[in-house]
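K.L.:
Pasting a structure here, questions to come.
Bear in mind these aren't lab numbers, they're just calculated from the coordinates by the rules spelled out. No experiment lies behind these values; they were computed from the predicted model shown. Note that each Cβ is placed from the backbone with ideal geometry, even for glycine, and that neighbours are counted across all protein chains shown.
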Amino acid sequence: MNPLDLAELDAAGLADLPVLSIRQPWAWAILHAGKDVENRTRRSNYRGRFLIHAAMGCTFEEWYLAADSINRHRKAGCEPVPVLSRLLRGGIVGVATQVMCGNRFDSVWFSGPFGYALTDARPLPRLYPRKGRLGFFHLR
């Protein structure tokens, strides 16, 4: 990560938060469409704020299938999912709070086997380029 990017995140009080990589357009859905559960194969004991990293990888077929689902479930007044070429990828794009991890949710966004319940999701003003990793990781 560029030292200036890290300094900018530090100034905003975000640089020390854990980071979670999420494939697009699911990261976009958390930040813009009201997606309140992130589906995972593993439990997480973490609770609190974290940075959302938009993973670089996404095929057109993955985008198409996800966009169809997101567009059916997005919150009222939300724009449709942007085309793949317009989605930010390969860096930090937002922040959210994980409030719990479970294997049952009433949310339309839950498909399991585990879900991380999310609140207070908001996009950052720009992409902060960074390679992603599996699970929660730190920038420093």
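K.L.:
Relative to 2.2 N^0.38 Å, what does the C-alpha radius of gyration of the chain come to as a ratio? Two decimals please.
P.N.:
Cα-based Rg divided by the globular estimate yields 1.00.
K.L.:
By per-residue mean of other Cβ atoms within 10 Å, what is the highest-first order of 25-34, 65-74, 88-97?
P.N.:
Going from most to least packed, we get 25-34, 88-97, 65-74.
K.L.:
Once you list every other residue whose beta carbon is under 14 Å from the beta carbon of P113, what net charge do they have if Lys and Arg are +1 and Asp and Glu are -1?
P.N.:
Once positives and negatives cancel, what remains is +3.
K.L.:
Amide H neighbours of R49 under 5 Å, counting only residues 5+ apart in sequence or on other chains, H built in-plane at 1.01 Å?
P.N.:
Those qualifying (amide H under 5 Å, at least 5 residues apart or on another chain) are Q98.
K.L.:
So for the pair Y64, T41, with labels modelled 7 Å out along Cα→Cβ, what separation do we get in nm?
P.N.:
In this crude spin-label approximation the distance works out to 2.5 nm.
K.L.:
Go ahead and estimate [θ] at 222 nm for the chain from helices alone: -39,500 (n - 2.57) per DSSP H run with n ≥ 4, summed, over the residue count, rounded to 500.
P.N.:
Details: 2 runs with 23 residues, N = 140.
Value at 222 nm, helices only, nearest 500: -5000 deg cm²/dmol.
K.L.:
Please list 3J(HN,Hα) in residue order for segment 83-91, calculated via the Karplus relation 6.51 cos²θ - 1.76 cosθ + 1.60 where θ = phi - 60°; whole Hz, with x for glycine and proline.
P.N.:
Once rounded to whole Hz, the list reads 4, 3, 5, 9, 7, 5, 9, x, x.
K.L.:
Highest GNM mean-square fluctuation, the chain, Cα pairs closer than 10 Å: which of P123, P82, P18?
P.N.:
P82
K.L.:
With θ taken as phi - 60° and the coefficients 6.51, -1.76 and 1.60, list the Karplus ³J(HN,Hα) couplings across segment 105-113 in order, rounded to whole Hz; mark glycine and proline as x.
P.N.:
With coefficients 6.51, -1.76 and 1.60, one gets 9, 7, 5, 5, 7, 7, 10, x, x Hz.
K.L.:
Note down the nm distance, to one decimal, between modelled labels 7 Å out along Cα→Cβ at A12 and at S85.
P.N.:
About 2.7 nm, to one decimal.
K.L.:
Assuming R0 = 25 Å, what is the FRET efficiency of R122 and L4, from their Cβ-Cβ distance, to the nearest 0.05? Present the calculation step by step, with values, prior to reporting the outcome.
P.N.:
Working: r = 22 Å, r/R0 = 0.87.
With a Förster radius of 25 Å, E is 0.70.
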